[in-house]
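For reference, the structure discussed in these notes is given below.
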Ligand SMILES: Nc1ncnc2c1ncn2[C@@H]1O[C@H](COP(=O)(O)OP(=O)(O)O)[C@@H](O)[C@H]1O
Ligand SMILES: [Mg+2]
């Protein structure tokens with residue numbers, strides 16, 4: 001191992017589902033939620049030959065940010081997210097989540113990591129035979145919360161994604177867009193430190209895709225860090241956002257070095273002004289980066 | 001735990017056809033085991049019963065002087081532990097064996113059956129003491145021979161032993177079958193519920209959290225399977241018994257009984273335990289993360 005300091009924590013991860021742990025105490029406002037430090041990922045293929053997907057990825061995402069990850073199909077976007085929720089492990093380098101190296105977590109600690117993440121997929125991954133409420137509640141049941149508290153928080157989450165009143169329906173009867181809303185409710189109900197979305201609009205028609213993106217923006221506006229992987233250009237163009245372009249195993253940060261870190265901490269991070277929309281303050285994209293994006297699509 | 005039960009219930013409900021099929025297979029296996037146990041239990045009762053009946057037939061020599069016989073009867077009556085002494089003349093014996101009103105057998109000579117003294121010993125008297133009395137009686141000049149039920153008890157004992165061994169072997173086979181059925185049911189349920197397991201992993205469920213409902217479903221299957229088997233067996237048993245009426249008890253000298261409550265409880269518990277084991281076995285391949 002190249003990094004002597006990169007030891008897996010032996011103690012369980014953050015207290016599950018508590019954003020408080022991030023808000024106060026240990027984590028100052030500017031503490032990054034996620035850091036990739038020279039991350040290497042190689043897939044060994046059955047046909048022989050190695051596929052070097054990530055070749056020294058560097059990135060830093062701060063609390064309260066909304067970040068797109070984009071790049072051509074097969075660039076390694078899903079792989080990057082998988083490394084964060086530990087469905088895959090790095091071959092080299094470090095990944096710090098809330099200050100801890102998760103690249104070398106023990107298998108027993110992985111569930112604790114995942115309780116601090118909300119994950120949304122292209123194929124929704126909901127259980128069709130369960131009710132809408134049950135699909136959301138499961139994220140809190142693993143935390144061992146009381147059923148009264150679970151009912152309350154599930155109702156709030158369903159309300160936030162526009163599924164209020166649908167709790168008793170079987171999840172299988174929902175439309176595609178509704179199923180994705182349900183998956184988002186499940187992702188946010190535990191108030192995770194970060195929401196990961198892997199092509200969450202990939203199975204939806206363009207209008208619904210924009211709808212779902214809007215929902216992620218609302219979630220972000222209420223203070224949640226969002227990492228949104230997509231190859232869909234139209235989504236990137238909706239609003240100027242920080243965009244990480246993944247290509248040939250490396251990440252180019254479209255806003256890095258511009259104004260992202262010079263900006264004052266957005267007011268919504270700590271305060272009550274949950275609806276404040278900070279992105280307007282960001283400078284327009286650089287022409288060279290525009291070019292890079294064109295190549296992507 | 002409450003959540004696991006809830007999810008187990010959901011799983012049983014969602015896949016009820018699969019689980020019903022499994023329960024039926026388990027019930028068939030447990031019916032075999034239960035039937036074997038039923039035979040063993042009743043054989044055991046029979047042996048106990050016959051072993052306790054201290055009964056001896058003292059056959060008298062032809063032409064034994066009546067005074068000697070009378071003296072023997074009164075001496076036996078005064079012996080401690082003897083409950084009843086009855087003299088059976090050759091005619092009594094013939095009637096008892098052939099039935100009083102059978103005309104075709106009237107041709108048999110009057111003394112075709114030997115005279116005997118039937119002795120009933122109290123059940124508390126130990127086997128050895130009865131045996132000692134039998135030996136003494138056998139040496140008396142008027143006595144031709146003495147017969148007890150000892151040989152019958154011994155024969156029944158070896159039958160019981162054979163039955164127990166057979167039931168044990170059957171139990172092993174049944175246990176293996178139950179494990180296999182539950183394990184493969186769980187594997188099937190697991191492939192059908194892959195999304196569920198995937199979702200649980202995603203939201204940070206521990207390994208135990210994922211597995212517990214499946215193990216509980218195994219417990220339900222095993223317990224319900226064995227309970228169903230017992231219900232079927234009881235139905236058959238009491239139906240047959242009602243039809244056979246008194247014949248069966250007359251033949252055996254004992255009213256056949258259904259499995260005692262502790263055996264029933266043990267069978268259901270065993271079903272549950274095997275179900276849990278089978279469930280755990282079926283989840284072997286469920287990877288940790
Ligand atoms: N488990 C795996 N084993 C081998 N190769 C894989 C595996 N997962 C992904 N890959 C390969 O790695 C590359 C990146 O995949 P992925 O991260 O899914 O890309 P993206 O999400 O950007 O489309 C692809 O070429 C893919 O075929
Ligand atoms: Mg992908």
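The values are calculated or read from the model by the stated rules, or taken from the named source; none is laboratory data. Note that the structure is a prediction, hence the values are computed from the model and not measured. So basically every Cβ, Gly included, is an ideal-geometry build from the backbone, and we count neighbours across all protein chains shown.
Data for the structure
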quantity	calculated
Selection within region A:117-127 - more than 7 Å from every other protein chain (Cβ to nearest Cβ) and touching a strand residue (DSSP E or B) at 6+ places or on another chain (Cβ under 7 Å)	A:117, A:118, A:120, A:121, A:122
Condition check for residue B:228: under 19 Å from residue A:129 (Cα atoms), more than 11 Å from every other protein chain (Cβ to nearest Cβ) and surrounded by fewer than 24 Cβ atoms within 10 Å (Cβ to Cβ)	no
Exclusive hit being more than 30 Å from residue B:227 (Cα to Cα) and either assigned by TED's automatic domain parsing to the domain that holds residue B:163 or in a helix (DSSP H, G or I) (or both), set B:20, B:75	B:75
Selection count where residues are within 14 Å of chain B (Cβ to nearest Cβ), under 25 Å from residue A:189 (Cβ atoms) and within 16 Å of ligand 1 (Cβ to nearest atom), scope region A:79-98	7
Flag if residue B:90 is modelled with pLDDT under 80, surrounded by fewer than 19 Cβ atoms within 10 Å (Cβ to Cβ) and either within 14 Å of chain A (Cβ to nearest Cβ) or farther than 30 Å from residue B:124 by Cβ (or both)	no
Residue in region B:57-66 that is more than 14 Å from chain A (Cβ to nearest Cβ) and in a helix (DSSP H, G or I) present	yes
Answer from A:55, A:104 - the residue that is closer than 21 Å to residue B:206 by Cβ and either surrounded by fewer than 20 Cβ atoms within 10 Å (Cβ to Cβ) or within 16 Å of ligand 1 (Cβ to nearest atom) (or both)	A:104
Flag if residue A:149 is without any contact (Cβ under 8 Å) to a residue 60 or more places away in the chain and within 24 Å of residue B:6 (Cα to Cα)	yes
Pairs, first over 15 Å from residue A:254 (Cα atoms) and more than 14 Å from chain B (Cβ to nearest Cβ) in region A:58-74, second outside any loop (DSSP other than H, G, I, E, B) and within 16 Å of ligand 1 (Cβ to nearest atom), C-beta under 8 Å, six or more apart	A:72/A:247; A:72/A:296
Number of the exception - residue A:128 against (1) farther than 28 Å from residue A:39 by Cβ; (2) at pLDDT below 95; (3) part of a helix (DSSP H, G or I)	(3)
Residue satisfying all of: in region A:99-116; outside any helix (DSSP H, G or I) and in contact with a helix residue (DSSP H, G or I) (Cβ under 7 Å, 6 or more places away or on another chain); farthest from the other protein chains (Cβ to nearest Cβ) among these	A:102
Residue A:74, sole failed condition from (1) at positive phi; (2) within 16 Å of ligand 1 (Cβ to nearest atom); (3) under 18 Å from the mean Cα position of the chain (by Cα)	(3)
Criterion violated by residue B:131 - all others in (1) modelled with pLDDT under 80; (2) over 22 Å from residue B:150 (Cα atoms); (3) surrounded by 11 or more Cβ atoms within 10 Å (Cβ to Cβ) satisfied	(2)
Some residue of region A:31-46 being loosely packed, with under 10 Cβ neighbours inside 10 Å, in a loop (DSSP other than H, G, I, E, B), modelled with pLDDT of 65 or more and more than 16 Å from ligand 2 (Cβ to nearest atom)	yes
Residue within region A:213-231 that is in contact (Cβ under 8 Å) with a residue 40 or more places away in the chain, within 27 Å of residue A:35 (Cβ to Cβ), within 16 Å of ligand 2 (Cβ to nearest atom) and more than 13 Å from the chain's Cα centre (by Cα) present	yes
Which numbered condition residue A:132 misses (of (1) within 11 Å of chain B (Cβ to nearest Cβ); (2) crowded, with 22+ Cβ neighbours inside 10 Å)	(1)
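To keep it simple, each residue is scored yes or no on (1) in a strand (DSSP E or B); (2) away from ligand 2 (no atom under 16 Å from the Cβ).
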residue	(1), (2)
A:54	yes, no
A:58	yes, yes
A:61	yes, yes
A:72	no, no
A:75	no, no
A:83	no, no
A:86	no, yes
A:89	no, yes
A:96	yes, yes
